[in-house]
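Engineer: Got a structure for you, questions after.
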Amino acid sequence: MKVITIIGARPQFIKAAPVSRELRKKAEEIIVHTGQHYDKNMSDIFFEELNIPKPDYHLNVGSGSHGKQTGEMLIHIEEVLLKEEPNYVLVYGDTNSTLAGALAAAKLHIPVIHIEAGLRSFNKKMPEEVNRIMTDHVSDMLFCPTDTAINNLQNENLTHNVFNVGDVMYDAVLYNQKLAADSRILENHGLESKGYHLITLHRAENTDYPEKMKNIIEAFKQIDKTLVWPIHPRTKHKLEGYGIDLNDVPNLKVIEPVGYLDMLRLESEAEKILTDSGGVQKEAYFLKIPCVTLREETEWVETVSYKGNVLVGSDTDKILAAVNSEYTSNYENAFGDGQSARYIAERISQ
Ligand code: UD1
Ligand code: UDP
């Protein structure tokens, strides 16, 4: 059996690592990297440290508007699929690489496997929401991480070949936690355990709006604790464009995006995590670190209902109130048992 895996953005490399390891025990896998992310710290570093097999095809599509980026991926993915004639095309999550892979395959009548299916924010202004809905509706096998995701699909009449297998990002955390203990990222930046809050921020729904970014940065200015921010290149470019100078934030340490093992250590030793990332919200929950989510809604509703995460949007006062309040999750594991990748590989190869 031949499976073509399409990946292109940072979180997809991290998700692919455990799945690829299991899938290769059962099937031939060919990896296509769309090139959506291309900086060393957004791409190559993950292949190296997580031992993800080198991509068989690199499409080098790079950055662009949604139409241009997705369209170019579609053209080149179709060429690969016609040449390789796989049994399945496997896609992850909700990026433009996900949509392009799913659409190219569906039009060629190649069955699509979607990992992290069924997530919904119910906000169609998010590019991710459009990508997820479209991908789920052309997929033939839908692997959901939670019961909520299963229910979301049921509400859209998607019930065939839908499985709750848990979350592959939980597999990744469990597998890499020990390795992350060897990271020297705290020492290299003069940080102490619990002596800082960790920030990540990159979603279009924040970074595309200068007012929102001003309000968020204003909150950062008023936080009386070291803030560590591995900055996403999108956010860096946008802030430069808005004329917002991060040197004006007194306690802030801006660093380059870091590898996954450094990130896991930074997360584990933070007092709180402030983020608009989907993956980072979940990791905060897995690691039992209180999370402040800089969004109005989340797909990862369990992290909020089990009180490990609060939603504050871009409101300066709400951000400060959440950062200054005490809360700990009454942790319940809603994300599987850390064996998701194995369940997925077994089901695909049946
Ligand atoms: C994409 C996904 C988003 C996901 C995120 C993970 C879509 C629509 N969005 O957002 O869902 O949460 O990846 O990180 O697919 N850039 C670089 N170097 C890189 C990559 C990007 O400089 O290696 C800059 C470019 O200026 C680019 C911008 O970041 O225009 C945005 O990159 P893009 O891949 O379009 O979207 P992300 O914001 O990364
Ligand atoms: N991540 C990382 N280095 C960083 C920032 C994030 O390794 O500097 C990891 C993070 O631990 C998580 C994943 O990237 O596993 C999340 O990706 P991102 O926030 O880019 O996208 P999202 O999950 O929001 O789609």
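Engineer: Which pairs do you get when a residue that is among the acidic types (Asp, Glu), found in the range 157-186, comes within reach of a residue that is within 13 Å of ligand 2 (Cβ to nearest atom) and in a helix (DSSP H, G or I), reach meaning Cβ atoms under 8 angstrom, with the pair 6+ apart or on two chains?
Structural biologist: Asp167/Lys282; Asp171/Pro18; Asp182/Leu261
Engineer: Would you mind finding the one in Met141, Met126 that is within 15 Å of ligand 1 (Cβ to nearest atom), hydrophobic (A, V, I, L, M, F, W, C) and under 25 Å from Glu299 (Cα atoms)?
Structural biologist: Every option except Met126 fails the conditions.
Engineer: Given the conditions (1) out of contact with any strand residue (DSSP E or B) (no Cβ under 7 Å at 6 or more places or on another chain); (2) surrounded by 19 or more Cβ atoms within 10 Å (Cβ to Cβ); (3) not aromatic (Phe, Trp, Tyr), report the number of the one that Val228 does not fulfil.
Structural biologist: It is condition (1) that Val228 fails.
Let's see how each residue does on (1) touching a residue at least 60 places away in the same chain (Cβ under 8 Å); (2) surrounded by fewer than 19 Cβ atoms within 10 Å (Cβ to Cβ); (3) within 12 Å of ligand 1 (Cβ to nearest atom):
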{"site": "Pro18", "(1), (2), (3)": "yes, no, no"}
{"site": "Arg24", "(1), (2), (3)": "no, yes, no"}
{"site": "Phe47", "(1), (2), (3)": "no, yes, no"}
{"site": "Gly64", "(1), (2), (3)": "no, yes, yes"}
{"site": "Gly71", "(1), (2), (3)": "no, yes, no"}
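Engineer: Among the residues of the range 23-37, is any within 14 Å of ligand 2 (Cβ to nearest atom), out of contact with any Phe, Trp or Tyr (no Cβ under 7 Å at 6 or more places or on another chain) and farther than 18 Å from Ile110 by Cβ?
Structural biologist: Among the residues of the range 23-37, at least one is within 14 Å of ligand 2 (Cβ to nearest atom), out of contact with any Phe, Trp or Tyr (no Cβ under 7 Å at 6 or more places or on another chain) and farther than 18 Å from Ile110 by Cβ, which makes the answer yes.
Engineer: Here is a further query. Given the structure, is Ser20 within 13 Å of Leu90 (Cα to Cα) and small (Gly, Ala, Ser)?
Structural biologist: yes
Engineer: Taking the conditions exactly as written (more than 19 Å from Val61 (Cα to Cα) and not acidic (Asp, Glu)), does Pro11 satisfy them or not?
Structural biologist: Taking the combined requirement at face value, the residue does not satisfy it.
Engineer: Tell me which residues, restricted to the range 9-32, are assigned to a loop (DSSP other than H, G, I, E, B) and either out of contact with any Ser or Thr (no Cβ under 7 Å at 6 or more places or on another chain) or on the phi > 0 side of the Ramachandran plot (or both).
Structural biologist: Hits for the range 9-32 are Arg24, Lys25.
Engineer: What pairs come out if I take residues in the range 32-44 that are open to solvent by 10 Å² or more (accessible area, probe 1.4 Å) and pair them with residues that are assigned to a strand (DSSP E or B) whose C-beta lies under 9 Å away, six or more apart or interchain?
Structural biologist: What qualifies is Gln36/Ile7; Asn41/Pro230.
Engineer: Please verify whether Glu297 is open to solvent by 10 Å² or more (accessible area, probe 1.4 Å), over 30 Å from Glu29 (Cβ atoms) and touching a residue at least 24 places away in the same chain (Cβ under 8 Å), treating the condition exactly as stated.
Structural biologist: yes
Engineer: Hey, among Leu239, Leu252, Leu274, which residue is among the hydrophobic types (A, V, I, L, M, F, W, C), surrounded by 15 or more Cβ atoms within 10 Å (Cβ to Cβ) and closer than 25 Å to Ile14 by Cα?
Structural biologist: Leu274
Rundown of residues vs (1) closer than 30 Å to Lys2 by Cβ; (2) not in a loop (DSSP other than H, G, I, E, B), yes/no style:
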position: Gly313; (1), (2): no, no
position: Ile319; (1), (2): no, yes
position: Glu332; (1), (2): no, no
position: Asp337; (1), (2): yes, no
position: Arg342; (1), (2): yes, yes
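Engineer: Here is a follow-up. How about the range 265-288: which of its residues are within 16 Å of ligand 1 (Cβ to nearest atom) and of a type in the set (Asp, Glu)?
Structural biologist: Glu267, Asp276, Glu283
The values are calculated or read from the model by the stated rules, or taken from the named source; none is laboratory data. This structure is a prediction, so every number in the text was calculated from the model and none was measured. Cβ coordinates were reconstructed from backbone atoms using ideal geometry, including for glycine residues, and neighbour counts include every protein chain displayed. These accessible areas exclude ligands, DNA and RNA; they are computed on the full protein's heavy atoms, side chains included. Shrake-Rupley method; radii C 1.70, N 1.55, O 1.52, S 1.80 Å.
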